[in-house]
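The values are calculated or read from the model by the stated rules, or taken from the named source; none is laboratory data. Keep in mind the model is a prediction, meaning the values are calculated, not measured. Glycine gets a Cβ as well: all are built from the backbone with ideal geometry, and neighbour counts include every protein chain shown. Surface areas here come from the heavy atoms of the whole protein model, side chains and all, with no ligands, DNA or RNA. Shrake-Rupley method; radii C 1.70, N 1.55, O 1.52, S 1.80 Å.
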Amino acid sequence: MLNWLHKFDTFCFLDNHQYQIKPHSQECLAGAGVKNKFVWRPGDTLTPLQEFIFLNKSKWLLGHLNYDIKNELENLKSENPDHICFPEIFFFEPSVLIKLNDCQLAIEADDPHKIFNEINNESSELQKEIGLTGNVEIKNRIERDDYLSIIKKLQEHILRGDCYEINFCQEFFAEQVFISPLNVYKKLSTISPNPFSALYKLEDKWMMGASPERFLRKEGNKILAQPIKGTSKRVPGNVRQDEESRLNLLNSKKDRSENVMVVDLMRNDLSKICEEGTVAVEELFGIYSFPQVHQMISTISGMLRININFSDIIRATFPMGSMTGAPKKKVMELIEQYEKTKRGIFSGAIGYISPYGDFDFNVIIRSIMYNVSSGYLSFQAGSAITFYSDAEKEWEECLLKAEAMKQVLSNNVKD
């Protein structure tokens, strides 16, 4: 299927790798080709997007929300450099929609039998016509000493009462590189299969994602968020130490404090669009294990008020609190001040809207972005900074989150 998708200028491939993160949505969903599209540019409001969704309300729509639409939701700006250049919002109605699970392949297209035969005739091995040209040299946008200095400055803001918690991210990048996005995605999925993985192509721009985090899911009039805040490393080959790492995360006062802050933030966001008294925390401090890390995940839900539409939901909740901090507007100002790279699609969201108006979107983290035309490759990693944060440990956490992406860009990983 990936070999077949590769022929299109635009496609979106969403795969949960058979994780049963409840509530479970689509197992594997792919949309290819563009029947109809919406491209949003700075200066627009979300009104045109809602009009597009309304005009296509009986169709599948796939696409993304860029972090920097924050500037239209609040009086904010984004002036740091962006070398990948995804549009702020892009949604499309695919020419071909494919749903796949363990026992069924469903194809929605003008000629589904023709599409099935085309896919079936593709090689079962990923195409090898392009590939890595040696190891990709990854550079840090922020050097270690500068990073430690910035963390101290952020803690001074916290001490002054400017904010309680801030998600600070740094960029890892490479220039003039030549990669095979399909093979990089395959390697990333092998090393780090995650429940909200995605391979996304928009003309010359690629996103190869292994996200463990859900942003928002809507089914009927129920809305649900599952923010991640709290990380500890896995210890492969040592069951005792691995379990110790998991329990340390569960009992960590620092991680619980960070997690409950983002839970309170999301409760506040959902209360703007939900019926009074319906916003509830379904799970607090849940510990979930992924290939590289243990994560602390909480689940917050509510029942939407009548006549709340997609744009209303985005206005109330975006960007997600797990990637900003609290209070949200102030920390976004600090993010712009201290980070060195425009976030762009990173810490935005990718997903689908169904013909029934339901949707599911991830948080774009643990993801590699690549611009074919410029040869620029980028991925970002961050952590939650509080007054009690240890700058050295926050640095190490960023490196831990970046490890899988560094590994797949090395020739030491087998195809």
Under the rule of -39500 (n - 2.57) per DSSP H run of 4 or more residues, summed and divided by the residues of the chain, what mean residue ellipticity at 222 nm is obtained, to the nearest 500 deg cm²/dmol? -9000 deg cm²/dmol
By the Cα gyration tensor axes a ≥ b ≥ c (a/c under 1.5 gives rounded; else a/b larger than b/c gives prolate, otherwise oblate), the shape of segment 1-111 is prolate
Surpassing 22 Å at the alpha-carbon level, of the pairs Lys7/Lys186; Lys35/Lys57; Lys254/Lys406; Lys153/Lys329; Lys35/Lys114; Lys22/Lys218, are Lys254/Lys406
Of the candidates Leu334, Ile350, Gly302, the farthest towards the positive dipole end of the chain (Lys/Arg Cβ +1, Asp/Glu Cβ -1, centred on the Cα centre) is Gly302
Provide the per residue accessible area, probe 1.4 Å, for the chain, rounded to a whole number of square angstrom. 43 Å²
Tell me, how many Å apart are the Cα centres for segment 289-365 and for segment 135-176? 20 Å
Given a 1.4 Å probe and the protein chains all in place, what does the accessible area of Leu159 round to, in Å² to the nearest 10? 130 Å²
Stokes-Einstein D (µm²/s) once Rh is taken as the Kirkwood radius of segment 135-282 over alpha-carbon pairs, at 25 °C in 0.890 mPa s: 127 µm²/s
Just want to confirm a number: the relative contact order over the chain, from Cα pairs under 8 angstrom separated by 6+ residues, in percent. 25 percent
If N is the residue count of segment 272-351, its Cα Rg over 2.2 N^0.38 Å rounds to 1.32
Using a probe of 1.4 angstrom, how much of the accessible area of segment 111-219 is carbon and sulfur, in percent? 46 percent
Which pairs break 24 Å Cα to Cα here: Lys340/Lys393; Lys152/Lys330; Lys139/Lys342; Lys152/Lys205; Lys152/Lys253? Lys152/Lys205
Just how much of Lys254 is accessible, in Å², when a 1.4 Å probe is used and the result is rounded to the nearest 10? 60 Å²
In whole Å, what is the distance between the alpha-carbon centres of segment 257-274 and segment 196-238? 19 Å
Listed residues Gln170, Gln380, Gln104; largest mean-square fluctuation, Gaussian network over the chain with Cα springs below 10 Å, found at Gln104
Select from Ile166, Ile300, Ile119 the residue whose mean-square fluctuation is largest in a Gaussian network model of the chain (Cα-Cα springs shorter than 10 Å). Ile119
Please report the net charge: other residues with Cβ closer than 12 Å to the Cβ of Lys35, K and R +1, D and E -1. -1
Which residue, Ile273, Ile107, Ile353, tops the fluctuation ranking in a GNM of the chain built on C-alpha contacts under 10 Å? Ile107
Neighbours of Lys7 by Cβ distance under 11 Å: Lys/Arg at +1, Asp/Glu at -1, summed charge -2
At a Cα cut-off below 15 Å, give the aspartates and glutamates reachable from Lys187, other chains included and same-chain residues fewer than 8 away excluded. Asp15, Glu125, Glu403, Asp415
Determine which aspartates and glutamates satisfy two conditions relative to Lys222: a Cα distance under 19 Å, and not lying fewer than 8 residues away in the same chain. Glu213, Asp264, Asp269, Glu275, Glu276, Glu282, Glu283, Asp312, Asp358, Asp360
Between beta-carbons, use under 10 Å as the cut-off and find the net charge around Glu171, counting Lys and Arg +1, Asp and Glu -1. +4
For the chain: rounded, prolate or oblate by the Cα gyration tensor [a/c cutoff 1.5]: rounded
